[in-house]
Amino acid sequence: MEVISTRDFRSNQSKYLGMAAKGKGIILKTRSLGSFKITPVTDDDTLMSKEEFFRKIDKGIQDIKDRKGYTVKSREELDKFLASL
């Protein structure tokens with residue numbers, strides 16, 4: 001893990017972003033705002049707010065109540081449905 005200042009980060013952004021992309025831990029330390037960990041975004045990361053996430057959950061629950069869901073009756077049907085997504 002490497003701890004760097006904001007000044008050093010501004011001067012060498014490509015270097016530190018490249019290091020983070022390769023999996024090296026980078027901590028950006030500021031005087032007034034504290035410290036921040038620089039990590040790359042992956043496909044598993046979510047890029048939505050907590051509010052948006054819960055809105056989607058609520059909509060899904062309402063869709064099920066409104067019978068807008070999809071009923072799967074067999075494993076083969078489930079495999080076919082999942083393959084279509």
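Quick note: the coordinates plus some simple rules give every number you see, no bench work behind them. Keep in mind that this is a model prediction, so the values were computed, not measured. Neighbour counts run over all protein chains shown; Cβ positions are idealised from the backbone, glycine included.
Assorted remarks:
- Residues in the range 36-60 that are more than 30 Å from Lys24 (Cα to Cα) and β-branched (Val, Ile, Thr): 1 in all.
- Selection within the range 2-38 - within 19 Å of the chain's Cα centre (by Cα) and aromatic (Phe, Trp, Tyr): Phe36
- Matching residues in the range 57-85 - criterion: being exposed (fewer than 10 other Cβ atoms within 10 Å of the Cβ) and not aliphatic (A, V, I, L, M): Lys65, Asp66, Arg67, Tyr70, Thr71, Lys73, Ser74, Arg75, Glu76, Ser84
- For the range 29-52, taking the residues that are under 20 Å from Asn12 (Cα atoms) and basic (Lys, Arg), the one that is surrounded by the fewest Cβ atoms within 10 Å (Cβ to Cβ) is identified as Arg31.
- Which listed residue, of Asp58, Asp44, is free of Cβ contacts under 8 Å to residues at least 24 places away in the same chain and either in a loop (DSSP other than H, G, I, E, B) or closer than 19 Å to Glu2 by Cα (or both): Asp44
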